[in-house]
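Trainee: I'd like to ask you about the structure that follows.
The values are calculated or read from the model by the stated rules, or taken from the named source; none is laboratory data. Keep in mind the model is a prediction, meaning the values are calculated, not measured. All accessible areas refer to the heavy atoms of the entire protein, side chains included, with ligands and DNA or RNA removed. Shrake-Rupley method; radii C 1.70, N 1.55, O 1.52, S 1.80 Å.
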Amino acid sequence: MFRCRVCGYSSSEELDGCPACKAGWKAIDVSHGPNCPKNLLDEAMETPNGLLVRRCFRLLNAKTIGITITLDDITEEEFRVLELIEAERQAQISSPSGGDGH
């Protein structure tokens, strides 16, 4: 749902600005309904597999800030997820759009 913070106009269609009061896109508030992909992702991240993925992203962040992580520090399952994340990252980088989502 998209709602204008200035005049309260709302729409289920994506808004770049408010058609009622002409407020710019910064005035548009986005709420996430039950079928929103963000809500579905949030729910999935609370499952055991989601918690594993979250831990792997934390491990990657730890590596980025300079913490040394060895194979003795992670489980085989974590290692496999890290491999999948890296493979997806490489696929995004090598895609024609350069991973910018377009």
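Trainee: Tell me which residues come under 5 Å, amide H to amide H, from Asp29 once H is placed; ignore anything under 5 positions away on its chain.
Mentor: Hits under the 5 Å cutoff: Arg3, Cys4, Arg5.
Trainee: Using only the Cα atoms of the chain, construct the convex hull and provide its projected area averaged over every direction, in square nanometres to one decimal.
Mentor: Values: hull surface 37.9 nm².
Result: 9.5 nm².
Trainee: Which helices, counted as full DSSP H runs in the chain, have an axial Cα extent of no less than 20 Å and a Kyte-Doolittle average of -1.0 or above?
Mentor: Working: long enough: 48-64 (24 Å, -0.04); 76-94 (27 Å, -0.56).
Qualifying helices, which must be both long enough and hydrophobic enough, are 48-64, 76-94.
Trainee: Also, I was wondering about something else. Straight-line reach from Lys38: which aspartates and glutamates fall under 18 Å, measuring Cα to Cα and dropping same-chain residues less than 8 apart?
Mentor: Qualifying aspartates and glutamates at Cα under 18 Å: Glu13, Glu14, Asp29, Glu46.
Trainee: Relative to the present Cα-Cα distance, how much length would full extension add between Ser10 and Ile85 at 0.36 nm per residue of separation? List each step's numbers first, then the result.
Mentor: Details: separation 75, 0.36 × 75 = 27.00 nm, distance 3.76 nm.
Here the segment from Ser10 to Ile85 would lengthen by 23.2 nm.
Trainee: Excluding ligands, DNA and RNA, what is the solvent-accessible area per residue of the chain at a probe of 1.4 Å, expressed in Å²?
Mentor: Working: 7900 Å² over 102 residues.
Accessible area per residue, the chain: 77 Å².
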